[in-house]
Amino acid sequence: MDCTSGEQVSEGQAEEGNSAETPISKNQLKRLRKQKKWLESKGEKRKKEKEKRKRKIAEARARGESLGPTRKSLKENSMKNSACKIRVVIDCSFDKYMNDKDTMKLVKQIQHCYSVNRRSANPLQFYLCCSDGKTKERLDRIGDYKNWDVNFRDDPLWDVFEREEIVYLTSDSPNVLTELQPDKAYIVGGLVDHNHEKGLCHRLAEEKSVSHAQLPIGDYVKLNSRKVLTVNHVFEILLRYTETGNWENAFYQVIPQRKTVKLEVEKNTEPSDCIESEESEDIIKCDKNVQDIREENEDSKPKSETTL
Ligand SMILES: C[S@@+](CC[C@H](N)C(=O)[O-])C[C@H]1O[C@@H](n2cnc3c(N)ncnc32)[C@H](O)[C@@H]1O
């Protein structure tokens with residue numbers, strides 16, 4: 001029987017020969033049977049998967065491999081229990097500067113921030129200020145995000161923190177961050193703009209008369225691109241810094257190796273526009289190999305060392 005011909009059969013008819021049931025197409029019937037079969041085999045499949053998982057864990061344990069954090073330890077790594085009291089805020093108020101695709105990328109970056117924070121023994125005090133629609137809507141679609149161990153605020157950050165507490169992070173600031181302080185709230189602009197909105201966060205911080213600073217990248221790492229990092233990279237650098245107190249380690253742990261420049265090739269290399277343009281691959285695969293490249297500060301911009 002050709003189902004494209006629109007021929008209708010009832011489920012009962014097909015299954016039991018009962019013509020009183022609502023007619024359904026052959027395709028629907030196929031789907032129903034498939035669903036029934038799947039439901040019947042679900043329990044068995046789950047059991048097999050569980051056994052397979054157990055076997056893999058036992059094998060990894062036998063090889064002496066690290067199994068990563070357990071569910072129990074993850075639960076204990078809460079912001080409340082954390083020895084780290086540094087507040088890091090993602091300011092999600094830039095919806096109008098992003099198309100749908102970039103909003104989705106931002107949400108992925110936020111998920112990544114959450115994931116690395118959750119896996120840290122001493123997570124940062126993570127805030128999300130989401131007063132805008134699109135980013136919030138996208139976040140709402142992530143089923144479990146409401147259970148995240150994050151301080152969600154529906155208000156703009158200016159209503160959440162005192163002006164004196166705020167340090168807006170921006171690569172355009174002439175101030176360079178030297179350390180992190182618990183009485184400050186470090187703001188990361190929740191923006192994926194492929195550097196189209198140059199200087200936006202710096203202008204915003206100036207307009208609102210709050211402190212601003214760039215990460216001390218130029219003091220430790222030479223990049224083959226400008227110093228505009230993605231939201232998740234900035235977040236993770238701050239997290240790693242709080243773990244070791246060492247900026248250099250933090251940069252090399254987080255910034256993919258391919259984005260750093262070796263001295264030999266440096267002379268002929270024009271910096272590309274910004275690191276941010278390649279951000280999505282970096283979320284999936286971050287090259288964490290540390291290469292020992294120590295160079296003098298290449299930044300020609302005038303800077304003032306600031307403790308913020
Ligand atoms: C993709 S960038 C957004 C770039 C945007 N054009 C702007 O005006 O900042 C996302 C955010 O990461 C933070 N960021 C990126 N690179 C940084 C750096 N080198 N130093 C400090 N913050 C940085 C800033 O908070 C920035 O708003």
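The values are calculated or read from the model by the stated rules, or taken from the named source; none is laboratory data. Model, not experiment: these values are computed from the prediction. Positions of Cβ are generated from backbone atoms using ideal geometry, with glycine treated the same way; all protein chains shown enter the neighbour counts.
Out of curiosity, is ASN224 buried (at least 19 other Cβ atoms within 10 Å of the Cβ) and either outside the structural domain of LEU177 (by TED's automatic domain parsing) or more than 7 Å from the ligand (Cβ to nearest atom) (or both)?
When the stated conditions are applied, ASN224 does not pass them.
Limited to the range 152-179, what total is found for residues that are in a strand (DSSP E or B), under 23 Å from the mean Cα position of the chain (by Cα) and not β-branched (Val, Ile, Thr)?
Summing the residues that are in a strand (DSSP E or B), under 23 Å from the mean Cα position of the chain (by Cα) and not β-branched (Val, Ile, Thr) in the range 152-179 gives 5.
Report the residue count in the range 201-221 for those that are surrounded by fewer than 18 Cβ atoms within 10 Å (Cβ to Cβ) and either among the aliphatic types (A, V, I, L, M) or near the ligand (Cβ under 9 Å from one of its atoms) (or both).
So the answer is 1.
Condition first: of a type in the set (Val, Ile, Thr), under 21 Å from the mean Cα position of the chain (by Cα) and under 21 Å from ASN249 (Cβ atoms). Now tell me which residues in the range 206-234 satisfy that.
ILE217, THR230, VAL231, VAL234
Taking the options LEU74, LEU124, LEU67, LEU39, name whichever one is at pLDDT 95 or above and out of contact with any Phe, Trp or Tyr (no Cβ under 7 Å at 6 or more places or on another chain).
When all the criteria are applied, what remains is LEU124.
Please indicate, with yes or no, whether at least one residue in the range 73-88 is assigned to a helix (DSSP H, G or I), among the small types (Gly, Ala, Ser) and not assigned by TED's automatic domain parsing to the domain that holds SER209.
Scanning the range 73-88 turns up at least one residue that is assigned to a helix (DSSP H, G or I), among the small types (Gly, Ala, Ser) and not assigned by TED's automatic domain parsing to the domain that holds SER209.
Would the range 175-182 turn up any residue that is away from the ligand (no atom under 16 Å from the Cβ), surrounded by 14 or more Cβ atoms within 10 Å (Cβ to Cβ), of a type in the set (Val, Ile, Thr) and closer than 17 Å to LEU238 by Cβ?
Checked against the condition, which is being away from the ligand (no atom under 16 Å from the Cβ), surrounded by 14 or more Cβ atoms within 10 Å (Cβ to Cβ), of a type in the set (Val, Ile, Thr) and closer than 17 Å to LEU238 by Cβ, the range 175-182 yields no hits at all.
If I go through the range 183-200 residue by residue, how many of them are over 19 Å from the mean Cα position of the chain (by Cα) and near the ligand (Cβ under 7 Å from one of its atoms)?
4
Could you tell me whether LEU106 is in contact (Cβ under 8 Å) with a residue 40 or more places away in the chain, closer than 24 Å to HIS194 by Cβ, in contact with a helix residue (DSSP H, G or I) (Cβ under 9 Å, 6 or more places away or on another chain) and in the same structural domain as GLU197 (by TED's automatic domain parsing)?
The answer is yes for LEU106.
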